[in-house]
1. Counting heavy atoms of the protein chains only and a 1.4 Å probe, report the per residue accessible area for the chain as a whole number of Å².
2. Checking the a/c ratio against 1.5 first, then a/b against b/c, what shape does the Cα gyration tensor give for segment 91-135?
3. Just need the relative contact order of the chain here, percent rounded to a whole number, with Cα pairs under 8 Å and 6+ apart.
4. Pull out the extension gain between residue 131 and residue 37, defined as 0.36 nm times the separation in residues minus the alpha carbon to alpha carbon distance; nm, one decimal.
5. If you place +1 on the Cβ of every Lys and Arg and -1 on the Cβ of every Asp and Glu, how big does the dipole about the Cα centre of segment 80-150 come out, in debye to the nearest 20?
6. Using unit Cβ charges (K, R positive; D, E negative) and no other charged atoms, how large, in debye to the nearest 20, is the dipole of the chain about its Cα centre?
7. Order 26-34, 52-60 from most to least packed using the mean count of other Cβ atoms within 10 Å.
8. Check the straight Cα-Cα distances from residue 125 and name the lysines below 30 Å, setting aside those fewer than 8 residues away within the same chain.
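The values are calculated or read from the model by the stated rules, or taken from the named source; none is laboratory data. A quick note: this is a predicted structure, and the numbers were derived from the prediction, not measured. Note: ideal-geometry Cβ built from the backbone for every residue, glycine included; neighbour counts use all protein chains shown. To get the accessible areas, we keep the full protein, side chains included, count just its heavy atoms, and leave off ligands, DNA and RNA. Shrake-Rupley method; radii C 1.70, N 1.55, O 1.52, S 1.80 Å.
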Amino acid sequence: MATDVAYISALSALAGSVIGGLASGLTTWLNRHAEAKANWLARDISRRQDLYRDFIVSASKAYGEAIVTDEPQIQELVELYGLVSRMRVLSRPKTIECADKVLHTTIDTYFLPNKTFSELNDTLKNGAGIDPLKEFAVAAREELQGLTPV
């Protein structure tokens, strides 16, 4: 009977060590998994922010040229198409739809009569505005806010 008590005591100590080791290992794995997920999300958000910034810069430049000239800058338009294609891989449908709208608005603007600075000033004073990127910016911001952990 004394040997049975010794075995039970030894097995209890061994089981406690195994359970403690497993708990420690599981906790470490869960922490590293959560950290890796947070790092991936941060990189994804950063990648999208860079893409949206590049699109806004390129689109505003192309749209500005379209307002004052009827000679399209093909390289700028191709760059915009490339940025929209990258969005098709990374972004939500609403953001892509808004980016497509900006692209088509820019192309359509080349077919409209050129505006002078005075006409642009009058348009802005009348409150009509010339901001084809507004809807895109709102969609991109909503998408990024939806990705940010609370």
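1. Numbers: 10340 Å² over 150 residues.
That works out to 69 Å² per residue.
2. Values: a/c = 4.73, a/b = 1.85, b/c = 2.55.
Oblate, because a/c is 1.5 or more while a/b does not exceed b/c.
3. Numbers: 86 pairs, mean separation 40.9, N = 150.
Rounded, it is 27 percent for the chain.
4. Here the answer is 30.2 nm.
5. For segment 80-150, the charge dipole is close to 200 debye.
6. It works out to roughly 520 debye.
7. 52-60, 26-34
8. Answer for residue 125, where 30 Å is the Cα cut-off: 61, 101, 115, 134, listed by chain and number.
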